[in-house]
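K.L.:
Shown below is the structure under consideration.
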Amino acid sequence: MESNLCGINIYTVKRLLILVGFIAIATISQAQKAKLTGKITSSKNEALASVSLSLQSDKTQVSKTDIEGRYSFTIDVAKNYTLVLTYVGYKNKTVQEIKATTANEDLVVDVVLEEANSKLADVTVSANRSANKGATDNALISFQKNTNTVASVISAETIKRSPDRNTAEILKRTPGASIQEGKYIIVRGLADRYNQAMLNGILLTSTEPDRKTFSFDLFPSQIIDNIIINKAFVPELPGEWAGGLIQVNTKDVPSKNFFNIQLGTSANSLITGKDFFKDKGGKTDWLGIDDGTRALPIGYTTKSNFDTSSIGAKTALGKTMSNNWAPVQTTAKPNINMQMNGGFAGTLFGKKIGGMIGVSYSNAYRFQYNTNNQNGITAEKFNPITELKDSKYFQDINMGAIAGLSIFLNPLNKISYKAIANVKTANTYNSRMGTDYSRQDLLKGNEFIFAQNVFFTNQLNGEHSLSSKLKFNWYGAFNILDSYSPDQRRIMYTKSVTGSDPYVLNISNTLSQQSGSRIFQTLSDYIYTAGGDLTFKINQQNTIKAGYMGQVKDRLYDAQLFAITMPRDNAALRLLDASNAFNPSNFGTGTDNKFAFNSIQNRNFRYLANTILNAGYVQFDNKLSEGLRVVWGLRVEDFDQLVGSVKKWDPRHTYSKVTDYLPGVNATIKVGDKSNLRITGSQTVIRPELRELSALSIYDFELNASVSGNPSLKRTKITNTDLRYEVYPAAGELFTVGIFYKNFENPIESIYQEGSGGSSLFSFQNVSKATAFGLEAEARKKLSKRFTLQANASYINSKINDAALNVSRSLQGQSPYIINTGLLYDVVEKGFNATVLFNQIGKRIYLVGDIQAGAGTPDVYEKPRSLVDFQISKKFANNKAEIKFTIADILNQRQIFYQNNNSDTEYDATKDAIRLSRKFGTTYGVTINYSL
């Protein structure tokens, strides 16, 4: 008779207990597993597919690398393993002492295999804990050692160890690199126009409507896997750069399932918890997207319909627009940032797949107290023309998402898709007080800007190993950059310096961009990119590679400028403050003594552009002897460009078509097993940006000047040469020293033409020639078990000469020296680390003086400013969680831009005139990260 317990069969209870026991054992067993992953490459940084791997312990696991050279094993915790690698044509390699100490640990062991004809015997190495700790650093230092050109690398570990929030802040840590205006990179003293950006191997274009540059603060640091800064050209790379080619690589698909969430907050010493002034805005401002609050009114249809309407109809439309000319006062909250990302790895229909998705959001408040002075010279002494003091309030929104999916059709064929969407918006209010000495007026006013930038990219690529000797890679991408700045508003009041009269609204019967203006700007770039390359390995020593890239870019820029005028003076209306002046009741018929509304008409406020780039290359990689490797070849770029209008009779029409032949050679001499000597030579080009070629002229409130293009600009041709010596004494350590020289033909420079009352002009001009010479050094050294020192420094000298333009000076944006240092402290077993970072650049020309006038306005220099950052972090909860404290810009030194009237360009507070100055404050932050 079966036993029963409260009506439950006792055998059923036993079965349930046994099942629970099995589940518990399985769970414990699973919890004691770890992951061993890595990548196998050759001494030429080539991923090696189909390498045979044998992982040995009390039992043996076998596997082969995939097309990316990657492998993965599941291992037991606290057990020693030995990894044996064999591959035809390469020396066997054995890696011993592989051991995981905690459950769910990710051990990374990357291996470089030596060619079989090298003098080395089979190699045995150890994978101890201290070496594995910096696996990503070590792997990328190995990449730098074996790369086919002069390059610097930034690993995911380095990014994690700094308080940097975006790619721009990360890049300033690299040798010879600095950042201007918080987002534009300068490499080797060359301004942003001389640098180029790639995302996951695909060429990007300018992100700014008014300059040739890429805004590197677009990408949050959390989505970055590594960054490679190429400093010497090889034919497989795009040919339009001279300072640096920055390759940003986002995180790839994972080797196992994961989920990560990060929450952070920070406070700035200048603004957090204090009064903050902003635009009234709309309901979706917190997303960085205008909800239509700032849009043109419904009654507005097209530009042509408006322009042909009567002045009465125009004014009637103008008074229906929002009356938000005074700021809303609030309190600056602590900054917030958050991100979540997750990934999976598995199989689908028998195919290996992996994917990831991530979202990020940040909302930050900033404040700058700026001075903006215009100075003239009389009898070799400075006298002020204008003195302006700006209180500038920023609310920065950065919201993004990234997704990726990869499928291995088989171990030798892989197809990947990545998509990135990012919304980056600066909602700015600028309050101005000052004096215009040229008119003997006191000034006060403000400006509202909502600058919304949406970046979206789709990337599809395939990697195929067609045979042991032949590989084929292809890619396609579609990028969109939409910039939208709706209802940019400016208002100014003036009164006499000597009188006691009140401030009066600076509105007259003429249309002006400086006061009473409402400006709507849109810029849309659509970029289509496709290409591929074939790599044929003739033998272990010789490889030939050939490829093609095509890129089509379509741009449409449109600016609608409106201004409020007063046909006949009305003193009473001009005495009203900003919150009441433009009430609907104060608008009249368009011809009376009340406010009128009209457009500022100019065909140059709208332009279209199209560029077509067709590029092909052939590149040879020859190992001529055991100690000499030469990479050489030719790239041909055919560039077709149309700017302004498709109609040839239109004055805006600018067209050019140029074919450039760009040779490159890089020789690497292996001085020993741990050192290289590199010698490179190449020719590259720099083409004018679309905005620089357009005849568009827009007033810049902050600069108090207009910015205009020049349709007659020519491309710049640059001859480059490098010599660098590298030493890699141990895993994770390096020392490099090098020199470079560049010769420029027709470099493009920004020029400044002095005027009064906001009539000054910035434009662009080719100068005849320029040269740049520099010395760079970089070191990373373990001082002890706990301490690591990393440092880099650069000395750069450049010269521009053009007798016709009376120019003899350094390149704009070039610093004579750059210094970066960092001290790292690690207690690996406790999950604790701390980092101190220092950065400083030498003086550099920020704005070029009035070169056309000879003895006119002097150049504006940026004074050196020291930056010190600190970070400390601690892991807890079995290494699943981490808390990080950061202090950014500890010294909080004022950024000063100055002018001098003698040959000594160093800053002298007693003699030099301050043109601009800014202060940013110190930022204190805390971030908590949790991973599953």
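K.L.:
Using a probe radius of 1.4 Å on heavy atoms only, what accessible surface per residue do you get for region 385-443? Whole Å² is fine.
P.N.:
Numbers: 2080 Å² over 59 residues.
Heavy-atom SASA per residue in region 385-443 reads 35 Å².
K.L.:
Accessible area per residue of region 30-108 at 1.4 Å probe, in Å²? Write out the running numbers ahead of the final one.
P.N.:
Values: 3330 Å² over 79 residues.
Value returned for region 30-108: 42 Å² of accessible area per residue.
K.L.:
Rounded to the nearest 0.05, what FRET efficiency do residue 274 and residue 336 have when you use their Cβ-Cβ distance and R0 = 22 Å? Let's see the in-between values first.
P.N.:
Details: r = 17 Å, r/R0 = 0.78.
That pair, residue 274 with residue 336, gives E of 0.80.
K.L.:
Kindly write out, for region 360-366 in residue order, the coupling ³J(HN,Hα) from the Karplus curve 6.51 cos²θ - 1.76 cosθ + 1.60 (θ = phi - 60°), rounded to whole Hz, with x marking Gly and Pro.
P.N.:
Per-residue couplings from phi come out as 9, 8, 9, 9, 10, 9, 10 Hz.
K.L.:
In nm, to one decimal, how far is the residue 697 label point from the residue 54 one, both placed 7 Å along Cα→Cβ?
P.N.:
Here the answer is 7.8 nm between the modelled labels.
K.L.:
Which percent of the accessible area of the chain is formed by carbon and sulfur heavy atoms (probe 1.4 angstrom)?
P.N.:
Numbers: 22350 of 38480 Å².
Here it works out to 58 percent.
K.L.:
Leaving out ligands and nucleic acids, and using a 1.4 Å probe, what accessible area per residue does region 809-884 come to in Å²?
P.N.:
Details: 2770 Å² over 76 residues.
Heavy-atom SASA per residue in region 809-884 reads 37 Å².
K.L.:
Evaluate the charge dipole of region 523-631 about its Cα centre and quote only its size in Debye, nearest 20, assuming +1 on the Cβ of each Lys and Arg and -1 on the Cβ of each Asp and Glu.
P.N.:
Numbers: 11 positive and 9 negative charges, 40 e Å.
Dipole about the Cα centre, nearest 20: 200 debye.
K.L.:
Helix-derived [θ] at 222 nm for the chain: sum -39500 (n - 2.57) over DSSP H runs of at least 4, divide by residue count, nearest 500?
P.N.:
Details: 9 runs with 70 residues, N = 932.
So the helix-based figure for the chain works out to -2000 deg cm²/dmol.
K.L.:
Show the residues, 5+ positions off or on another chain, whose built amide H is closer than 5 Å to the amide H of residue 232.
P.N.:
Long-range HN contacts for residue 232: 150.
K.L.:
FRET efficiency for residue 931 and residue 571, Cβ-Cβ distance as r, R0 = 51 Å, nearest 0.05? All intermediate terms of the calculation are to be shown ahead of the outcome.
P.N.:
Working: r = 67 Å, r/R0 = 1.32.
With R0 = 51 Å, the Cβ-Cβ based efficiency is 0.15.
K.L.:
Average projected area of the Cα convex hull of region 790-932, in nm²? Kindly include the intermediate steps, with their values, before the conclusion.
P.N.:
On the way: hull surface 45.8 nm².
Its Cα hull, projected and averaged over all orientations, spans 11.5 nm².
K.L.:
Would you work out if region 260-346 is rounded, prolate or oblate? Take a ≥ b ≥ c from the square roots of the eigenvalues of the alpha-carbon gyration tensor; rounded if a/c is under 1.5, else prolate when a/b is larger than b/c, oblate otherwise.
P.N.:
Numbers: a/c = 5.34, a/b = 1.78, b/c = 2.99.
Since a/c reaches 1.5 but b/c is at least a/b, the shape of region 260-346 is classed as oblate.
K.L.:
What is the Cα centroid distance between region 641-658 and region 849-922, reported in whole angstrom?
P.N.:
Distance between centres, Cα-based: 41 Å.
K.L.:
For residue 589, which sequence-distant residues (separation of 5 or more, or a different chain) have an amide H within less than 5 Å of its own amide H, given hydrogens modelled in the peptide plane?
P.N.:
Counting only residues 5 or more places away or on other chains, the set is 594.
K.L.:
With each pseudo-label sitting 7 Å past Cα toward Cβ, what's the residue 467-residue 650 distance in nm, one decimal?
P.N.:
Those two pseudo-labels are separated by 5.3 nm.
K.L.:
I've got another one for you. Find how much the distance from residue 638 to residue 828 grows on full extension, using 0.36 nm per residue of separation minus their present alpha carbon separation; answer in nm with one decimal. Provide the component values of the computation, followed by the final result.
P.N.:
Numbers: separation 190, 0.36 × 190 = 68.40 nm, distance 5.27 nm.
63.1 nm is the gain from fully extending residue 638 to residue 828.
K.L.:
Starting with the highest mean, order 422-428, 903-909 by the number of other Cβ atoms within 10 Å, averaged over the residues of each peptide.
P.N.:
Working: 422-428: 20.9, 903-909: 11.7.
My ranking of the peptides, most packed first, is 422-428, 903-909.
K.L.:
Using the crude model of +1 on Lys and Arg Cβ and -1 on Asp and Glu Cβ, and no other charge, please compute the dipole size for the chain relative to its Cα centre, in debye to 20.
P.N.:
Numbers: 105 positive and 83 negative charges, 288 e Å.
Around 1380 debye, computed over the chain.
K.L.:
Also, I was wondering about something else. Return a whole-number percent for the relative contact order of the chain, with Cα pairs under 8 Å and 6 or more residues apart as the contact set. Let's see the in-between values first.
P.N.:
Working: 2584 pairs, mean separation 89.4, N = 932.
Averaging sequence separation for qualifying contacts and normalising by length gives 10 percent for the chain.
K.L.:
Out of the chymotrypsin sites (Phe, Trp or Tyr not before Pro) in region 329-407, which ones are loop residues according to DSSP with at most 11 other C-beta atoms within 10 Å? Could the numbers behind the result be given before it?
P.N.:
On the way: sites: 344, 349, 361, 365, 367, 369, 382, 393, 394; in loops: 349.
Here the chymotrypsin sites (Phe, Trp or Tyr not before Pro) that fit, given the DSSP loop and packing criteria, are 349.
K.L.:
What ranking, highest mean first, results for peptides 658-671, 517-530 when packing means the other Cβ atoms within 10 Å averaged over each residue? Write out the running numbers ahead of the final one.
P.N.:
Working: 658-671: 17.3, 517-530: 18.9.
Going by the mean number of other Cβ atoms within 10 Å, highest first, we get 517-530, 658-671.
K.L.:
At R0 = 22 Å, how high is the FRET efficiency between residue 870 and residue 797 if r is their beta carbon distance? Nearest 0.05 is fine.
P.N.:
Details: r = 33 Å, r/R0 = 1.50.
The value I calculate is 0.10.
K.L.:
Something else about it: Could you pull out every one of the lysines with an alpha carbon less than 18 Å from that of residue 553, ignoring same-chain neighbours closer than 8 positions?
P.N.:
Partners within reach: 212, 657.
K.L.:
Let me ask something else about it. Amide H to amide H, which residues 5 or more places from residue 844 or on other chains are under 5 Å from it, using H placed in the peptide plane?
P.N.:
862
The values are calculated or read from the model by the stated rules, or taken from the named source; none is laboratory data. Just so it is clear, the model here is predicted, and its values are computed rather than measured. Every residue, glycine as well, gets a Cβ built from its backbone with ideal geometry; the counts of neighbours run over all protein chains shown. The protein model used for the area step is the full one, side chains on, heavy atoms only, and it has no ligands, DNA or RNA in it. Shrake-Rupley method; radii C 1.70, N 1.55, O 1.52, S 1.80 Å.
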